Amino acid sequence: MRNLITSGLKRLVKSESRYPRGSRQAHVVAVATVKGGVGKTTTSVNLAAALADGSNRRVLLIDLDAQGHCTTSLSAVLEDSGQSGASLHEILLSDEELEVLDAAVPTSIEGLDVTLGDPGLADAEGRISQKIGKELVLRDALKITRTHYDLILIDCPPNKGTLTLNALLAADQVLIPTDLSPLSVQGADQLVETVLTVRDRLQHPLEVLGVVLTRVDGRTVTLNSEILETIEEAWGELVMEQQIGINTRLAQAQLKGEPIFEHAPDCRGARHYRALAEEVWARLQGL
Ligand SMILES: Nc1ncnc2c1ncn2[C@@H]1O[C@H](COP(=O)(O)OP(=O)(O)OP(=O)(O)O)[C@@H](O)[C@H]1O
Ligand SMILES: [Mg+2]
């Protein structure tokens, strides 16, 4: 007879969460664009590390891409939390009001937690699409989690699928990386269109934090300057002042499984990401 009472019905009468609220209120930033391979993960990982380390900020990096590249990029600094935890797709599919907090794992970088790469996200995407309010499951799973962090960065897959939409609906702001190839710029433009749809149709006041130019190669000056002109004309002040230059140390650090600041703290890539982190934080504070 007891089985007749569904968990949903129980939730109606008992609305208390099993998670204690924290005292923080995170800015949630999705790092997204439609094009692959433009530096979303490199940007997410190094921004998260730069904004956490030695700052007293608590930062959570959510690896929302089934490829699990954030986890690979941080494999050398992951700490064993001693908890088995739930995987992200289980949290998103559950009817039990689970929180992303359950999937967060600490790293040896002070203040930085990350959700472990979850290949199950690929299959789960279709099942999430069948839920009522399919774009809002991540937002719901961050309600309490947000109160435990100052910043939550979401590394998105390279498309406009349900997972990316969930990131956009969970986020206050979106950071759009693009390199200077025409196809990447087109991908960034498509993401801006999606942001407008999210605002108009889904009534979510998502803002573009900025467009960050990645993998900028100083040797291709003529092509760069033409594309740069187009970008600045289109997005003006939305373009972040700090560009990320091409730097093989960034790729090496990713292979080693550590942020650039552990791998080669004085290289150009590290300097660029440090400066970008300052600019991002200033924009988040409305400075
Ligand atoms: N500034 C840079 N200089 C040199 N290599 C870079 C730079 N940024 C990224 N890379 C390299 O480019 C490749 C793609 O970067 P990254 O994985 O960050 O892109 P992504 O947009 O997350 O890709 P995906 O769409 O597959 O998730 C990686 O091998 C990475 O190490
Ligand atoms: Mg990636």
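Read the figures in this text as sums done on the coordinates, not as results from a lab. Owing to the predicted nature of the structure, the values given are computational and were not obtained by experimental measurement. Note: ideal-geometry Cβ built from the backbone for every residue, glycine included; neighbour counts use all protein chains shown.
Below are the figures for this structure:
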| quantity | calculated |
| --- | --- |
| Protection-proxy order for peptides 179-190, 162-173, each taking the mean of Cβ atoms within 10 Å per residue, highest first | 162-173, 179-190 |
| Kyte-Doolittle mean at least -0.5 and Cα axial length at least 15 Å: DSSP H helices in the chain | 40-52, 182-201, 221-235 |
| Residue-averaged 222 nm ellipticity for the chain, from DSSP H runs of 4+ at -39500 (n - 2.57), nearest 500 | -12000 deg cm²/dmol |
| Dipole in debye (nearest 20) - the chain, about Cα centre, beta carbon charges: Lys, Arg +1; Asp, Glu -1 | 700 debye |
| Within a Gaussian network of the chain (alpha carbon springs, distance under 10 Å), most fluctuating of Val28, Val59, Val221 | Val221 |
| Equivalent-ellipsoid semi-axes of the chain, from the Cα gyration tensor, Å, largest first | 33, 22, 16 |
| Mean separation of Cα contacts under 8 Å (6+ apart) over length of region 92-251, as relative contact order % | 17 percent |
| Length released on extending from Arg21 to Gln190, taking residue separation times 0.36 nm less the Cα-Cα span | 57.2 nm |
| Gain upon complete extension [Ala122, Arg271; 0.36 nm per residue less C-alpha separation] | 50.2 nm |
| Residue among Cys267, Cys156, Cys70 with the largest mean-square fluctuation in a Gaussian network model of the chain, springs linking Cα atoms under 10 Å | Cys267 |
| Tensor-based shape of region 64-221 (alpha-carbon gyration tensor, a/c under 1.5 rounded, otherwise prolate or oblate) | oblate |
| Where a label projected 7 Å from the Cα of Arg219 along Cα→Cβ would reach, residues of region 253-271 with amide N under 19 Å | 268-269 |
| Residues with amide H under 5 Å from that of Asn247, placed H, sequence gap 5 or more | none |
| Ranking of Glu99, Glu237, Glu226 by count of other Cβ atoms within 10 Å, fewest first | Glu237, Glu226, Glu99 |
| Stokes-Einstein D for region 155-264, Kirkwood Rh over Cα pairs, 10 °C, 1.306 mPa s (µm²/s) | 103 µm²/s |
| Loop trypsin sites (Lys or Arg not before Pro), region 182-249 (other Cβ atoms within 10 Å of the site Cβ: 11 or fewer; DSSP) | Arg219 |
| Rel. contact order, % - alpha carbon contacts under 8 angstrom, at least six apart, region 18-284 | 27 percent |
| Long-range HN-HN contacts of Gly210 with modeled amide H, under 5 Å | Val174, Ile176 |
| Most mobile listed residue (Pro20, Pro119, Pro259) in the chain, GNM with C-alpha springs under 10 Å | Pro20 |
| Label-point separation in nm, Lys143 to Lys256, each point 7 Å along Cα→Cβ | 4.3 nm |
| Over 25 Å (Cα to Cα) - which of Lys40/Lys160; Lys35/Lys134; Lys160/Lys256; Lys35/Lys131 fall in this group | Lys160/Lys256; Lys35/Lys131 |
| Under the Karplus curve 6.51 cos²θ - 1.76 cosθ + 1.60, θ = phi - 60°, whole-Hz ³J(HN,Hα) for region 132-138, x wherever Gly or Pro sits | 5, x, 4, 7, 10, 5, 5 |
| Fully extended contour minus Cα-Cα distance, from Glu237 to Glu96, at 0.36 nm per residue | 46.5 nm |
